Amino acid sequence: MVPLTRTAAAVADIALTVFAPRGCAACDAPVRPRVAFCPPCARSVVRGDDRSRAPFSFGGAIARAVRRLKYDKRSEVGGVLGALVASELVAVAPRVDVVVPVPLHPRRLAERGFNQSALVARPLAWMLGAPLKTAGLVRLRDTLPQAGLGRVERGANVAGAFAATGAWQGVRVLLVDDVVTTGATLAACAAALEERGANVTRIAVARAEPG
Ligand SMILES: [Zn+2]
């Protein structure tokens, strides 16, 4: 881990300016400039136990923001969440060569119109000064949603579902997902990159309890 020169406060400030929210990311209430959540929502944000892997717990305003991003197609919320993660990670982020989001299957991508993990990854790439490679991984088959599956089923659901494209030998990758539960999706993606020689660090916005 190499500390970066940009301070956490400066990164949060700039990132939230660049990826500016139009209102509270969880409820649309008016917010002051460069603030992600209104005061009541901000009070419901819980930091995760492992901030270098998932800075937040999946609950409260973080969960509402993620659901709005994924299911209400509020794409601008992705940049806000990414900026929050960037500000949490700035002091502990590893040096990486490239940032890669967990890919959606093309059919799901067409339905949603965007890859939420890619939107979250963009501020992280900006903070780290590394390119965002959205085509670094491809989803070979359309898997079932992980929600509602048990730990074993989740692993089986995504095993072998991803492939890395291009040359990866010795490349340091920051792999980005929106929510991590058992870690099966991130593990399957990391395996595809590591198979080709990449060195992978995994990160998600929030950690959810399986259930
Ligand atoms: Zn709010």
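No lab work stands behind these numbers, since they all come straight from the coordinates. Predicted model only: the values in this text are computed from it and were never measured. Neighbour counts run over all protein chains shown; Cβ positions are idealised from the backbone, glycine included.
Note on the chain: Rg/Rh from Cα positions, Kirkwood definition for Rh, rounded to two decimals, is 0.95.
When peptides 81-92, 125-136, 106-117 are ranked by their average number of other Cβ atoms within 10 Å per residue, the highest-first order is 81-92, 125-136, 106-117. Looking at the chain, do any whole DSSP H helices span at least 18 angstrom along their long axis by alpha carbon and average 1.0 or above on Kyte-Doolittle, and which? Helices meeting the criterion: 76-89.
For LEU144, LEU16, the sequence from fewest to most other C-beta atoms within 10 Å is LEU144, LEU16.
Only one residue of ALA121, PHE162, VAL98 has its Cα farthest out toward the positive end of the dipole of the range 8-207, where Lys and Arg carry +1 and Asp and Glu -1 on Cβ, and that residue is ALA121.
Find out how many positive minus negative residues lie around LEU109, taking Lys and Arg as positive, Asp and Glu as negative, among other residues whose Cβ is under 11 Å from that of LEU109. Present the calculation step by step, with values, prior to reporting the outcome.
Details: positive: ARG107, ARG108, ARG112, ARG139; negative: GLU111, ASP142.
Residues close to LEU109 contribute a combined charge of +2.
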